[in-house]
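Okay, so here's the structure we're looking at.
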Amino acid sequence: TRILVSGEDHPFRRDGLTLPHHKNSITFEFAALSLIRNGQNQYSYKLDGLESGWTFAGGHRSANYSNLPPGKYRFRVRASNFEGIWNNTGITIALTIQAPWWRTTWAYVLYGIIVMASVTTIDRRRRMRIVRREREQSAKRESELQLVAAEAQSRALRSENERKDLELRKSEQLRAAY
């Protein structure tokens with residue numbers, strides 16, 4: 001069995017293969033040992049996690065997969081001899097294509113934190129604008145009320161002055177009359 005990853009030889013390991021997201025094109029080459037009529041061996045294969053059924057390859061001894069999405073797979077191959085007797089056990093190779101960093105769990109956690117921080121910041125700024133607007137309106141109302149109070153006080157003082165002037169005139173008239 002020979003494995004080509006993105007066109008380059010890759011060592012075969014029974015415990016499986018883990019590849020980065022950008023090395024997601026893989027070719028499996030395989031052969032069955034038969035001492036009699038080796039050229040009449042037949043093959044079938046499938047990639048669990050991508051294919052649901054077996055692909056009959058006839059005498060063709062390779063399987064090519066390009067642009068595999070990130071995930072966990074199992075490549076399985078089985079062979080038959082010249083008499084058509086299949087070895088149903090075959091061989092299985094585990095394969096993992098890693099997700100790019102921007103599609104990892106930590107990246108999604110970071111995205112969530114960024115969204116939450118953005119929403120919080122936007123909400124805080126909106127609330128601060130509302131509070132500032134309310135304070136401005138309150139200050140405007142307060143200055144209007146102070147103006148009204150000053151005008152009322154001014155009228156009250158004028159009225160008091162007019163009353164005192166009137167009393168003063170009356171008292172001068174009474175003094176002049178006596």
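The values are calculated or read from the model by the stated rules, or taken from the named source; none is laboratory data. Note that the coordinates shown come from a computational prediction; the quantities given were computed from them, not determined experimentally. Every residue, glycine as well, gets a Cβ built from its backbone with ideal geometry; the counts of neighbours run over all protein chains shown. Calculation scope for accessible area: heavy atoms of the full protein, side chains included, ligands and nucleic acids excluded. Shrake-Rupley method; radii C 1.70, N 1.55, O 1.52, S 1.80 Å.
The figures follow:
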item: Subset of segment 50-74 (residues that are touching a residue at least 24 places away in the same chain (Cβ under 8 Å), of a type outside the set (Ser, Thr, Tyr) and crowded, with 16+ Cβ neighbours inside 10 Å); result: Arg61, Ala63, Leu68
item: Verdict on Ala79 being surrounded by 10 or more Cβ atoms within 10 Å (Cβ to Cβ) and either within 30 Å of Thr55 (Cα to Cα) or touching a residue at least 60 places away in the same chain (Cβ under 8 Å) (or both); result: yes
item: Test: Gly112 is under 10 Å from the mean Cα position of the chain (by Cα), open to solvent by less than 50 Å² (accessible area, probe 1.4 Å) and under 27 Å from Lys72 (Cβ atoms); result: yes
item: Conditions (1) among the aromatic types (Phe, Trp, Tyr); (2) surrounded by 10 or more Cβ atoms within 10 Å (Cβ to Cβ); (3) under 40 Å from the mean Cα position of the chain (by Cα); number of the one not met by Trp106; result: (2)
item: Hits in segment 1-22 (condition: within 13 Å of Arg74 (Cα to Cα) and in a strand (DSSP E or B)); result: Leu17, Thr18
item: Residue under evaluation Asn88, criteria (1) in a loop (DSSP other than H, G, I, E, B); (2) surrounded by fewer than 12 Cβ atoms within 10 Å (Cβ to Cβ); (3) more than 42 Å from the chain's Cα centre (by Cα), criterion not met; result: (1)
